[in-house]
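Working notes for the structure below.
The values are calculated or read from the model by the stated rules, or taken from the named source; none is laboratory data. As the structure is a prediction and not an experimental result, all values here were calculated from the model. In this analysis, Cβ positions are derived from the backbone assuming ideal geometry, glycine residues included, and neighbour counts consider all displayed protein chains. What goes into the accessible areas is simple: the full protein's heavy atoms, side chains included, and nothing from ligands, DNA or RNA. Shrake-Rupley method; radii C 1.70, N 1.55, O 1.52, S 1.80 Å.
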Amino acid sequence: MPAPMKVEVLSGLSALDEARWNDLVDGSPLPSVFLTWQWQTEWNQAFAADRPRQVLSVTSTDGALAGLLPLYEDSPGRLRIIGGVDISDYLDVIARNGREEDVWQALLQHRAGQPVEWDLHGIRAASPTAALLPAPAAGAGLTVSVERQDRCPVLALPGTWDEYLGRLSGKDRHELRRKMRRLERELPGASARSHGEAAGWDEALTRFLVLHRLSKVGKARFMDERMERFFRSATARLAAAGWARLWFLEHEGAQVAAFLCLEYAGRVGLYNSGFDPARAQLAPGIVLLAHVIRDAIERGVPVFDFLRGEEPYKYGFGPSPEDVFNVKVTP
């Protein structure tokens, strides 16, 4: 029988050092860059610094860290996982692989009787959370509801680019090659390059943000001053850890399209994008994305994750949809 767990409310994220936090993330069944100490700390500072927080630490009797649930008060009586709804694609309890049920049991017993709702977003279909919660929740006098929040197109990468092209439907393969040939014809010498180092990151991100804001009115509205500060600080930390990479499609010294990718635990995630509207008819984003996927294949990355959102262009690259859930725990 598993030893009982102890739940402690930490004073904040800084109460646990980076190494212990990220060691737990790496040892969880579904490690995600959005759960790392770097991302969580930066998001908390940017968007929840003035809000009540409950960082719940779960340890075994020998003091070994088994789980973490970092929460903030989104509205009176409702707590959400630090990371928010719109900016962090995957969130969850951070639990040592194999200890998820023990961790949830301890957390639910800890909060039994509290008149608050836990509104947990970004729970992946493969996570044990949705399946594990109902039984112990009922025992603690709580109710669990699970609803699909979104879908993420996810692509399992083969060993070679030719093998990847062979997996595409005839129509999608033809369209991709046609777009690549057209751009090469219209913009001769255009090339893709990446920047994945802390040195020069801020300058490279500035170039990305120019295209990001140009590409759509909604993106320009999204990237306000506070969001830009968060992007600069958070992605700089990720780049320093080797978890972020900027991609550019360039022609004659000018950027035509750009992607911000997050790389963690064997996955390349397509986090955000931008392009020059004057070149939109050449589909520069599609062409650049082909380069990014090819690079991931050549580096031996097993999974390319388009992250949340089912924009039609993503499915032209052959991914399969994976559900993301919203799990609510209520009295």
Inset, instruction - Convert each backbone phi in the range 83-91 into a coupling constant with the Karplus relation 6.51 cos²θ - 1.76 cosθ + 1.60 (shift: θ = phi - 60°), then list the ³J(HN,Hα) values in order as whole Hz, x for Gly and Pro. - result: x, x, 9, 9, 9, 9, 6, 10, 9
Legend entry - Net dipole in debye of the range 249-331 [+1 Lys, Arg Cβ; -1 Asp, Glu Cβ; about Cα centre; nearest 20]: 180
Legend entry - Karplus 3J(HN,Hα) series, Hz, for the range 151-156 with 6.51 cos²θ - 1.76 cosθ + 1.60 (x for Gly, Pro): 9, 10, x, 10, 10, 7
Inset, instruction - With a point put 7 Å past each Cα toward its Cβ, work out how far ARG229 is from ALA19 in nm, to one decimal. - result: 3.2
Inset, instruction - For the range 132-262, go through all pairs of different Cα atoms, get the mean of 1/r, take its inverse, and jot down that Kirkwood value in Å. - result: 18.6
Legend entry - Fully extended contour minus Cα-Cα distance, from LYS216 to THR143, at 0.36 nm per residue: 22.2 nm
Legend entry - Sequence-separation-based contact order of the range 67-199, relative, with Cα cut under 8 Å and 6+ spacing, percent: 19
Legend entry - Stokes-Einstein translational diffusion, the range 243-331 - Kirkwood Rh over all Cα pairs, 0.692 mPa s, 37 °C, in µm²/s: 227
Legend entry - Dipole of the chain, positive end: most advanced residue of GLY266, SER194, GLY139 [Cβ charges, Cα centre]: SER194
Inset, instruction - Using the charge dipole of the chain (Lys, Arg: +1 at Cβ; Asp, Glu: -1 at Cβ; taken about the Cα centre), state which of GLY300, PRO277, PRO4 has its Cα farthest towards the positive end. - result: PRO277
Legend entry - Residues listed by number, the range 262-290, amide nitrogen under 14 Å from ARG185 label point at 7 Å toward C-beta: 282-283
Inset, instruction - Compute the separation of the alpha-carbon centres of the range 98-151 and the range 10-39 and state it in Å as a whole number. - result: 19
Legend entry - Whichever aspartates and glutamates have a C-alpha closer than 18 Å to that of LYS219, once near sequence neighbours (fewer than 8 apart) are set aside: ASP86, ASP89, GLU228, ASP276, GLU310, GLU311
Legend entry - THR206-SER11 pseudo-label distance in nm [points 7 Å out on the Cα-to-Cβ vector]: 3.8
Inset, instruction - Work out the length of the dipole vector of the range 38-122 about its Cα centre, built from +1 on the beta-carbon of each Lys and Arg and -1 on the beta-carbon of each Asp and Glu, and round it to the nearest 20 debye. - result: 220
Inset, instruction - Tally up the carbon and sulfur contribution to the accessible surface of the chain as a whole percent, 1.4 Å probe, everything protein left in place. - result: 49
Inset, instruction - For the chain, calculate the relative contact order in percent as a whole number, restricting contacts to Cα pairs under 8 Å that are 6 or more residues apart. - result: 23
Legend entry - 5 angstrom amide H check on ARG124, placed H, neighbours 5+ away: LEU91, PHE325
Legend entry - Accessible surface, the chain, averaged per residue in Å² (probe 1.4 Å): 44
Inset, instruction - List the aspartates and glutamates whose Cα lies under 15 Å from the Cα of LYS171, skipping any in the same chain that are fewer than 8 positions away. - result: none
Legend entry - Contact order normalised by residue count of the range 183-331, Cα under 8 Å, 6+ apart, percent: 23
Legend entry - Check: the chain dipole with +1 on Lys, Arg Cβ and -1 on Asp, Glu Cβ, in debye: 860
